[in-house]
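Each remark here refers to the structure printed beneath this line.
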Amino acid sequence: MRRAFLLFLTCLTIPACIAPEPDEAARYATWKTTSHAAGLSGYERVLSEGRVADVVPMQALLRSSRRWRACDAEEFALPPPDRAAAIIPTLRVVQQLQASGWLDGHGIRSGYRSPALNTCSGGSSRSRHLDNTALDFDLPSDAHVEDLCRFWREQGPALAMGLGFYTPTKIHIDTSGHRTWGKDYRRETSLCITRTQTP
């Protein structure tokens with residue numbers, strides 16, 4: 001009995017004895033079976049009608065913010081019903097970029113954000129995440145920066161594509177106007193500008 005008690009006390013101080021936190025897939029499975037089920041079904045229907053339901057995994061699309069924990073927010077977020085269809089043009093752009101092998105939908109880190117979460121995340125008061133037209137991605141490397149920029153220059157005007165680089169591997173894509181920017185939100189610091197300038 002004493003040995004069991006001592007083992008219990010030891011486990012309290014050893015991380016390996018503590019039950020691990022559920023992984024993201026498990027957390028998403030729990031989230032979508034709560035009060036969000038009806039809203040999720042409606043969002044899936046809108047995306048299906050727009051023929052973009054299979055462009056990226058829903059679990060990735062609904063990621064709210066890289067800072068959801070620090071902001072004490074939910075990890076996944078649904079846009080308001082009246083903004084559900086707003087993401088369709090952006091997903092069509094993502095579809096083209098994925099087909100070229102330059103982007104992976106699993107790398108989405110932020111989609112729709114509520115005003116409170118957007119503020120906590122350091123987003124602009126004019127952030128396109130508030131309108132559900134924006135997606136932030138983490139890229140595995142900067143190998144396709146030039147490809148993304150070329151697409152933005154050649155196809156972006158017709159698609160109203162915005163392309164932002166917070167780092168070479170943390171990017172933002174939206175369809176709220178043809179523009180580009182860097183880590184300080186200025187056009188001059190975008191990798192689409194700095195990497196094409198000649199000395």
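Here, each number is a calculation from the coordinates, and none is a lab measurement. Here the structure is a predicted model, which means the values were calculated and not measured. All Cβ positions, glycine included, derive from the backbone under ideal geometry; neighbour counts span all protein chains shown.
Using 1/(1 + (r/R0)^6) with R0 = 35 angstrom and r between the beta carbons of Glu75 and Glu49, what's the FRET efficiency to the nearest 0.05?
0.85
Which whole-number percent is the relative contact order of the chain (Cα, under 8 Å, 6+ apart)?
Once divided by the residue count of the chain, the mean separation gives 15 percent.
Please sort 130-138, 74-82 by packing, taking for each peptide the average over its residues of neighbouring beta carbons within 10 angstrom, highest first.
So the order, starting with the most tightly packed, is 130-138, 74-82.
Which of these, Arg45, Arg126, Arg92, has the largest mean-square fluctuation under a Gaussian network model of the chain (Cα springs below 10 Å)?
Arg126
Would you indicate which of (i) 20.1, 76; (ii) 18.5, 60; (iii) 18.5, 64 is the value of Rg and Dmax of the Cα atoms in Å derived from the coordinates of this structure?
Matching the structure shown: (i).
Let a ≥ b ≥ c be the square roots of the eigenvalues of the Cα gyration tensor of the range 50-119; is it rounded (a/c under 1.5), or, if not, prolate (a/b larger than b/c) or oblate?
Since a/c reaches 1.5 but b/c is at least a/b, the shape of the range 50-119 is classed as oblate.
Please give the length that would be gained between Ser141 and Arg153 if that part of the chain were fully extended, namely 0.36 nm times their separation in residues minus their C-alpha to C-alpha distance (nm, one decimal).
2.2 nm
7 Å from Cα along Cα→Cβ at both Ala25 and Arg66: what's the point-to-point distance in nm?
Roughly 2.5 nm, to one decimal.
Residue separation times 0.36 nm, minus the C-alpha to C-alpha distance between Ala160 and His36: what's the value?
In short, 41.5 nm is gained.
As a footprinting exposure proxy, order Lys183, Lys170 by other Cβ within 10 Å, with the fewest listed first.
With the fewest neighbours first, Lys183, Lys170 line up as Lys183, Lys170.
Along the Cα-to-C-beta direction of Thr119, a point sits 7 Å from the Cα; which residues of the range 59-82 have their amide N less than 15 Å from that point?
Zone members listed by number: 71-73.
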